[in-house]
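**Q** What follows is a single structure, and I will ask about it in a moment.
The values are calculated or read from the model by the stated rules, or taken from the named source; none is laboratory data. Bear in mind the structure is a predicted one, so any value in this text is a computation, not a measurement. A quick note on method: Cβ atoms are made from the backbone with ideal geometry, for glycine too, and the neighbour counts reach across all protein chains shown.
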Amino acid sequence: MSAIEIPATEKTPAVRFLPDEGLFELSGSSIHENAHAFYKPLLQSMSDYAKQPKPVTQVLISMPYFNSSSAKYILDLLKLLDDAHASGASAVTLRWLHDADDLDMEEAGHDYQELLDMNVEVVSVQD
């Protein structure tokens, strides 16, 4: 499986998916008009990875903002890993990083924490 590295733009997050290392990162805003086109290839790659994941998978998400359509696709990505975690195929940990004063992103992290069985760490970071 190939690594995926996509640089951030004003409307899309940076993506770093290193399946051989069990690492998936999203960072930056996700406010594109066609979230499906952006996230569909990632969902396919994550689905393939989740069939034979590394024993340990680390997920890092640091997003100052994402729109509602992006939220759905982010959850879809995380659910694929959550299923791998629930089956015992991979010990998955999500670190949800947010600015210390960004209560909306902190709350979003806690929302994902409630929806997922994997270990979710909501981490406040200072500028």
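**Q** Among strands (runs of 3 or more DSSP E) lying entirely in segment 1-77, which contain 2 or more residues that are touching a residue at least 24 places away in the same chain (Cβ under 8 Å) and under 19 Å from Q113 (Cβ atoms)?
**A** Of the strands (runs of 3 or more DSSP E) lying wholly inside segment 1-77, those with at least 2 residues that are touching a residue at least 24 places away in the same chain (Cβ under 8 Å) and under 19 Å from Q113 (Cβ atoms) span 23-27, 56-62.
**Q** Looking at (1) crowded, with 16+ Cβ neighbours inside 10 Å; (2) modelled with pLDDT of 95 or more; (3) more than 17 Å from A3 (Cβ to Cβ), find the lone condition where M46 falls short.
**A** Every listed condition holds for M46 apart from (3).
**Q** Could you go through segment 109-124 and let me know if any residue there is assigned to a loop (DSSP other than H, G, I, E, B), touching a helix residue (DSSP H, G or I) at 6+ places or on another chain (Cβ under 8 Å), among the charged types (D, E, K, R) and farther than 16 Å from Y49 by Cα.
**A** Yes, there is a match, as at least one residue in segment 109-124 is assigned to a loop (DSSP other than H, G, I, E, B), touching a helix residue (DSSP H, G or I) at 6+ places or on another chain (Cβ under 8 Å), among the charged types (D, E, K, R) and farther than 16 Å from Y49 by Cα.
**Q** Further, regarding this structure: Of everything in segment 49-63, what is under 21 Å from P13 (Cα atoms) and crowded, with 18+ Cβ neighbours inside 10 Å? Give them in sequence order.
**A** Y49, T57, V59, I61, S62, M63
**Q** Conditions first: (1) part of a helix (DSSP H, G or I); (2) within 11 Å of the chain's Cα centre (by Cα). H85 passes all but one, so which condition is the exception?
**A** (2)
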